[in-house]
1. Between 0 and 90 degrees, rounded to the nearest ten: what's the tilt of helix 303-313 against the longest Cα principal axis of the chain?
2. In whole Å, what are the extents of the chain along the principal axes defined by its C-alpha atoms, from largest to smallest?
3. Using amide H atoms built in the peptide plane, which far-off residues or other-chain residues are under 5 Å from A280 H to H?
4. If I take R0 = 45 Å and measure r between the Cβ atoms of A308 and V92 in this structure, what FRET efficiency does the formula 1/(1 + (r/R0)^6) give, to the nearest 0.05?
5. Using a basic spin-label model with each label point 7 Å from the Cα along Cα→Cβ, how many nm lie between R219 and Q71?
6. In region 106-216, what is the volume of the convex hull around the alpha carbon atoms, normalised per residue and reported in Å³?
7. I want the antiparallel fraction of DSSP beta bridges within region 22-137, as a percent rounded to 5.
8. Note down the nm distance, to one decimal, between modelled labels 7 Å out along Cα→Cβ at W156 and at E238.
Amino acid sequence: MEFRRSGKSGLLISRIGLGTMTWGRDTDEHEAADQARAYLDAGGNFLDTAALYGDGDSERVIGGLIGTLFQRQDVIISTKAGISFFEGERVVNTSRRSLIAELDNSLERLGTDFVDLWQVHTWDPFNPLDDTLSALDYAYTTGRARYVGVSNFGGWQSARTITRQESFPTKAPIATLQNEYSLLNRSVEKEILPCSIELDVGFLAWSPLGRGVLTGKYRLGTPSDSRGASPHFAGFVEPYLSDRSSRIVEAVNVAAEGLGYSPLEVALAWVRDQIGVTSAIVGARTGAQLRGILMAEEISLPYIVRSALDDASAD
């Protein structure tokens, strides 16, 4: 699998990353190990998790694979902090105190003394940015995080964060921005991708398959075994079950049929090879499903197809 450098940092990651949001909850340890094995066998090196995922269970599962399925130095582990759930309510807290406590808990669950990439999971309008960034500086200078980044920040928020960290050589440089990006959601093209390109920071695309909708599985309804039918993810998928999304899904299917690929391969290859994208992060229910996703590594889309999909998905 091809590796890419994350902006001007020294972080090299595979251009397809493995998301682990369901590990430990919907995906048990055995299935997670099968997925990890398939991904590593394909040459991937980038596991993406967060303290939020499965209330820490995703990190625990990854920690159980270190030393058994892979050696720590062979895999890039990325985690995030700043979002939690308390009594069913989503809580955002990116204070220095909260972030550092979350990082220490993540390291304990992962069974390692460092993560390769640590990201603030979202923007917190109620906490001073300098307080948040001081946690990144602490993690970086103490070696708890080799690189740091931010996730789900807006354009001006990302630019302010990056330039703030560049102001002093003792501060932790921002290595990555991570945001949703797919043919169904191209909003990052307005400010966030230009920001990452101009300021030479890596960009990680989450949900490049449009929350699963671009695979075509929802064309005739919601399958009973899909995320759209899951109590955890029904609300996550529903916004993309619109007439506009259906038109884009049909365009992807037409392109796939013409090229002899699957819709999944076409949708993933489109994101993966967009200018500025360092890695596209995918998730799967099973190892077999992931092996199908990884087939996209072997293809590239002709310019005329990319152009047609650009037009079909334009707002």
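1. 80 degrees
2. 52, 42, 39
3. Distant-sequence amide H within range of A280: I16, G17, A205.
4. Working: r = 39 Å, r/R0 = 0.87.
For R0 = 45 Å, the calculated efficiency reads 0.70.
5. Simple spin-label model gives 4.6 nm for this pair.
6. On the way: hull volume 13.3 nm³, N = 111.
Cα convex hull per residue, to the nearest whole number: 120 Å³.
7. Details: 4 of 13 bridges.
Close to 30 percent.
8. 3.2 nm
Laboratory data are not the source of any read-out in this text; all were calculated from the coordinates shown. Computed from a predicted structure; not experimentally measured. Reconstructed Cβ throughout: ideal geometry from the backbone, glycine too, with neighbour counts over all protein chains shown.
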